[in-house]
Amino acid sequence: MNSVEYLAGSSVVSSAPLAAYSDEALAFLSDLSKELLRERHTRAYPDVVSFAFWCRKGNLQKLQASCADWGQRLGRGLTFHVAPSNVPVNFAFSFAFSLLAGNGNIVRVPSKPFPQVQLICGAVSQLLPSHPEIERRTAFVRYPVNQDITANFCATSDVRIIWGGDKTVQTVRSCPVKPKCVDLVFADRYSICVLNGKEIEQTDTRSLQTLVEGFYNDTYLMDQNACSSPQMVLWVNGSMDARERFWGAVTEYVAARYELQGMTAVDKYTQLCEDAVEYPEVKRVVRLGGNLLYRAELSGLPQKAGDSLRGKGGYFYEANLSALEELCPLVNGKYQTLTYFGLEPELLQNMVIENRLSGIDRIVPVGRAMDIDVIWDGYDIIRMLSRIVQAE
């Protein structure tokens with residue numbers, strides 16, 4: 001365990017449970033929100049700002065009120081978190097969810113040196129001494145890939161929260177655990193966006209700009225690496241005028257603020273070559289803004305699994321739907337988030353439920369794909385991470 005770096009908290013973490021939505025947890029997260037929002041460097045990172053706003057006292061109290069039986073719940077004990085390597089702030093949300101559920105936490109942060117990780121861990125480390133109950137139950141660690149270390153942490157855990165690709169999930173799950181250990185797995189997922197072209201044609205310039213900003217935040221901010229970032233854009237009433245208006249506005253917005261990294265440009269070109277060989281449905285690829293945006297236009301929805309069509313850094317697959325139900329045969333358990341514009345969410349929800357689709361757990365407006373919360377991937381996280389104490 002000598003290669004384990006402790007970024008915040010204690011090397012000996014208590015597994016003694018707290019009550020769900022305990023006063024200690026609410027106070028600590030509220031103070032963390034204030035500390036992060038007070039820190040001037042936070043403003044450079046919208047994902048850290050979003051986390052800080054999520055931790056505000058008012059939001060936490062709203063979440064508490066929505067959990068009707070929180071007063072009958074205790075944490076399960078000690079949670080070991082394996083954070084995703086490509087999304088900087090998920091580790092912090094994972095910690096907050098488990099803390100609210102009443103658990104002690106050992107959080108393995110991403111191995112990449114994200115400044116967001118240092119910013120959040122620095123704030124946590126600064127606050128912990130004034131919150132001794134939380135300090136005893138907290139450790140943020142970093143270590144290189146090492147199955148022995150992971151197995152050591154797994155062996156003492158009552159809960160494991162595993163974020164990452166399918167291979168990561170399988171590797172961590174192979175480590176022995178206590179008989180009653182609960183696994184909460186956030187594996188590889190796939191997301192899509194559905195746009196109503198008629199609404200885009202009719203919307204005013206300001207509303208279009210808001211839509212484009214939201215689309216950018218859903219996709220480019222994470223280079224489409226997040227599971228909730230749309231990879232495929234599907235059009236209802238998708239006239240040529242609507243599509244040109246939307247993509248033109250996106251290109252203009254991206255050009256003013258996105259820096260395309262060399263490796264991402266190579267990945268996009270490689271994907272283009274693979275699509276030309278593997279997918280006859282890709283009839284052409286339109287480049288906009290140089291290499292900033294690729295539109296891979298599909299002649300129809302793919303015959304193979306659609307979740308194999310994965311872009312990065314502004315590579316989008318695009319198809320027209322004559323009816324929403326055309327989407328249904330494509331959806332499998334890999335599908336997570338559907339973002340939309342110009343459609344009624346109830347209509348989309350009914351489509352998923354009435355057709356008994358095995359995927360699509362979230363339906364949110366464009367711009368909210370990254371809004372993680374205690375309901376995620378179809379899980380009610382606080383309830384899963386806590387146990388109910390029943391009395392009759």
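The values are calculated or read from the model by the stated rules, or taken from the named source; none is laboratory data. This is a predicted model, so every value here is computed, not measured. Heads up, the Cβs are rebuilt from the backbone with ideal geometry, glycines too, and the neighbour counts pull from every protein chain shown. All accessible areas refer to the heavy atoms of the entire protein, side chains included, with ligands and DNA or RNA removed. Shrake-Rupley method; radii C 1.70, N 1.55, O 1.52, S 1.80 Å.
Structure above, values below:
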read-out: Residue-by-residue Karplus 3J(HN,Hα) for the range 281-293, coefficients 6.51, -1.76, 1.60, Hz, glycine and proline x; value: 5, 7, 7, 6, 10, 9, 9, 10, x, x, 9, 5, 9
read-out: Among 210, 279, 149 the positive-end extreme of the charge dipole of the chain (Cβ point charges); value: 149
read-out: Paramagnetic label zone (point 7 Å from Cα along Cα-to-C-beta, residue 368; backbone N under 17 Å) in the range 32-69; value: 50-51, 53-55, 59-60, 62-63, 66
read-out: Environment charge of residue 53, counting only residues whose C-beta is closer than 14 Å and scoring Lys/Arg +1, Asp/Glu -1; value: +2
read-out: Of every Cα-Cα pair in the range 275-392, the percent that sits beyond 17 Å; value: 67 percent
read-out: Computed [θ] at 222 nm, deg cm²/dmol, the chain (DSSP H ≥ 4; -39,500 (n - 2.57); rounded to nearest 500); value: -11500 deg cm²/dmol
read-out: Solvent-free Debye scattering, log10 I(q)/I(0), computed from the Cα coordinates of the range 199-238 at q = 0.14, 0.25, 0.29 Å⁻¹; value: -0.38, -0.90, -0.98
read-out: Nearest-20 debye value, the chain charge dipole, Cβ charges on Lys, Arg, Asp, Glu; value: 880 debye
read-out: Kirkwood hydrodynamic radius over Cα pairs of the range 248-294, then Stokes diffusion coefficient at 4 °C and 1.567 mPa s, in µm²/s; value: 111 µm²/s
read-out: Descending semi-axes in whole angstrom, ellipsoid equivalent of the range 132-253, from the Cα gyration tensor; value: 44, 16, 12
read-out: Given charges at beta-carbon only (K, R positive; D, E negative), |dipole| of the range 1-138 in Debye; value: 240 debye
read-out: Volume per residue that the Cα convex hull of the chain spans, once the total is divided by residue count, Å³; value: 157 Å³
read-out: Label-point separation in nm, residue 16 to residue 392, each point 7 Å along Cα→Cβ; value: 3.2 nm
read-out: Backbone HN-Hα couplings from phi across the range 299-316 [Karplus 6.51/-1.76/1.60, Hz, Gly and Pro as x]; value: 6, x, 5, x, 6, 7, 4, x, 6, 7, 7, 10, x, 8, x, x, 10, 10
read-out: Overall Cα dimensions of the range 163-208, principal axis frame, Å, largest first; value: 58, 20, 15
read-out: Förster-model FRET efficiency, 25 Å R0, residue 287 and residue 201, C-beta, rounded to 0.05; value: 0.60
read-out: Convex hull (Cα only) mean projected area of the range 38-169, reported in nm² to one decimal; value: 8.9 nm²
read-out: With DNA, RNA and ligands ignored, accessible area of residue 112 (1.4 Å probe; Å², nearest 10); value: 100 Å²
read-out: Among the listed pairs 198/312; 62/167; 112/268, those beyond 26 Å (Cα-Cα); value: 198/312; 62/167
read-out: Distribution of pairwise C-alpha distances over the range 212-289, 10 Å bins, in %; value: 15, 45, 38, 2
read-out: q = 0.14, 0.30 Å⁻¹, the range 76-140: log10 I(q)/I(0) [Debye, one scatterer per Cα]; value: -0.37, -1.40
read-out: Lys/Arg +1, Asp/Glu -1 at C-beta; the range 224-326 dipole; positive extreme among 238, 324, 296; value: 296
read-out: Contact order relative to length of the range 266-392, as percent, for alpha carbon pairs under 8 angstrom and 6 or more apart; value: 16 percent
read-out: Pair residue 64, residue 349: separation of 7 Å Cα→Cβ label points (nm); value: 2.7 nm
read-out: Amide H contacts under 5 Å for residue 340, placed H, 5+ residues apart; value: 194, 364, 366
read-out: Within-12-Å neighbourhood charge of residue 382 [Cβ basis; K, R +1; D, E -1]; value: +1
read-out: Net charge over other residues, Cβ less than 14 angstrom from the Cβ of residue 288 (K, R count +1; D, E count -1); value: +2
read-out: Relative contact order computed over the range 43-176 (Cα-Cα under 8 Å; 6+ residues apart), in percent; value: 28 percent
read-out: Karplus (6.51, -1.76, 1.60) ³J(HN,Hα), θ = phi - 60°, over the range 150-165, in Hz, Gly and Pro reported as x; value: 4, 4, 4, 5, 4, 4, 9, 8, 9, 9, 10, 10, 10, 10, x, x
read-out: Cysteines, the chain, no other Cys beta-carbon under 4.7 Å; value: 55, 67, 121, 181, 193, 227, 273, 328
read-out: Mean projected area in nm² (Cα convex hull; one quarter of hull surface) for the range 288-339; value: 4.4 nm²
read-out: Cβ charges +1 (Lys, Arg) and -1 (Asp, Glu), total dipole of the range 272-389, debye; value: 340 debye
read-out: Long-range HN-HN contacts of residue 7 with modeled amide H, under 5 Å; value: 140, 141, 142
read-out: Residues listed by number, the range 196-233, amide nitrogen under 18 Å from residue 270 label point at 7 Å toward C-beta; value: 223-226
read-out: With 10 Å bins from 0: P(r) over the range 47-96, alpha-carbon pairs, percent; value: 21, 40, 36, 4
read-out: Straight-distance crosslink candidates among lysines, where the alpha carbon sits under 28 Å from residue 57 and sequence neighbours closer than 8 are dropped; value: 34
read-out: Amide hydrogen neighbours beyond the local backbone of residue 182, cut-off 5 Å, H modeled; value: 159, 160
read-out: Among 314, 258, 222 the positive-end extreme of the charge dipole of the range 220-341 (Cβ point charges); value: 258
read-out: Rg(Cα)/(2.2 N^0.38 Å) for the range 1-107, N = residue count; value: 1.11
read-out: Length gained when the stretch residue 136-residue 237 is fully extended (0.36 nm per residue, less Cα-Cα span); value: 30.7 nm
read-out: Alpha-carbon centroids, the range 228-295 and the range 48-106: separation in whole Å; value: 35 Å
